[in-house]
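Read the figures in this text as sums done on the coordinates, not as results from a lab. Quantities reported herein were computed from a predicted structural model and do not represent experimental measurements. When we count neighbours, we look across all protein chains shown, and the Cβ atoms used for this are built from the backbone with ideal geometry, even at glycine.
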Amino acid sequence: MLSSLTELTLTAPPAVSRTNLTWYLNQIWQLYFSDVPRVNEVYIDYCYPWKSRLGLIRLSVDNSLTFIGINTLLQLPQVPDYVLTTTIAHELVHYTHGFGSPLPRRWKHPHANHVVDRELEHRSLGESLAWCNEWIDQCWYPFYDLQRASGWSTINNLSGARAVSHPQTQP
Ligand SMILES: [Zn+2]
């Protein structure tokens, strides 16, 4: 039985793979951030397999382009889907708050007073956030170490497994 709308709607149909980050971004935006205007071009892709970062958001100097980078390890099947979706939603909260986006900046610091977690909870993503935090606490470092010890063999053929340079600035 499906216990919540979140589970129902955030599970990608079989035809959509995790390589299709744009599908995830659009779906999350439509379901949970429909009140947030997309005021510039927003581009999302996998990035480096960072050890202590799941994602980032950057704004180009001329404000025309926002880039959301996702840790390339999040496309591996060992990582639950809700870790990927929560990470994208986290970056979209930054966008909403004016970090990595041309929208008015609502706070001085992007993570001040747990504003990101509070916003996720406000947008009915609190359950996903809790699951994500639990998985990260219990599984991330062993999982990361295993990937690293294997010489990144599982990600060498995946997209984004290279060090990329980002369109600068911000958190
Ligand atoms: Zn953040």
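Odds and ends about this structure:
- Between amide H atoms placed 1.01 Å from N, distances below 5 Å from G55 occur with N71, all of them 5 or more places distant or on a separate chain.
- Under the Karplus curve 6.51 cos²θ - 1.76 cosθ + 1.60, θ = phi - 60°, whole-Hz ³J(HN,Hα) for the range 42-58, x wherever Gly or Pro sits: 10, 10, 10, 7, 6, 10, 3, x, 4, 7, 10, 8, 9, x, 8, 9, 9
- Full extension of the segment from R38 to T19, taken as 0.36 nm per residue of separation minus the current Cα-Cα distance, would add 4.6 nm.
- Residue-wise HN-Hα couplings along the range 108-120, as the Karplus relation 6.51 cos²θ - 1.76 cosθ + 1.60 with θ = phi - 60° gives them from phi, are 6, 10, x, 10, 4, 6, 6, 4, 5, 4, 5, 5, 4 Hz; Gly and Pro carry x.
- Estimated distance in nm for a label pair at S64 and D45, the labels positioned 7 Å out from Cα along Cα-to-Cβ: 1.7 nm
- Working from label points 7 Å from Cα in the Cα-to-Cβ sense, the Q30 to I136 distance is 2.7 nm.
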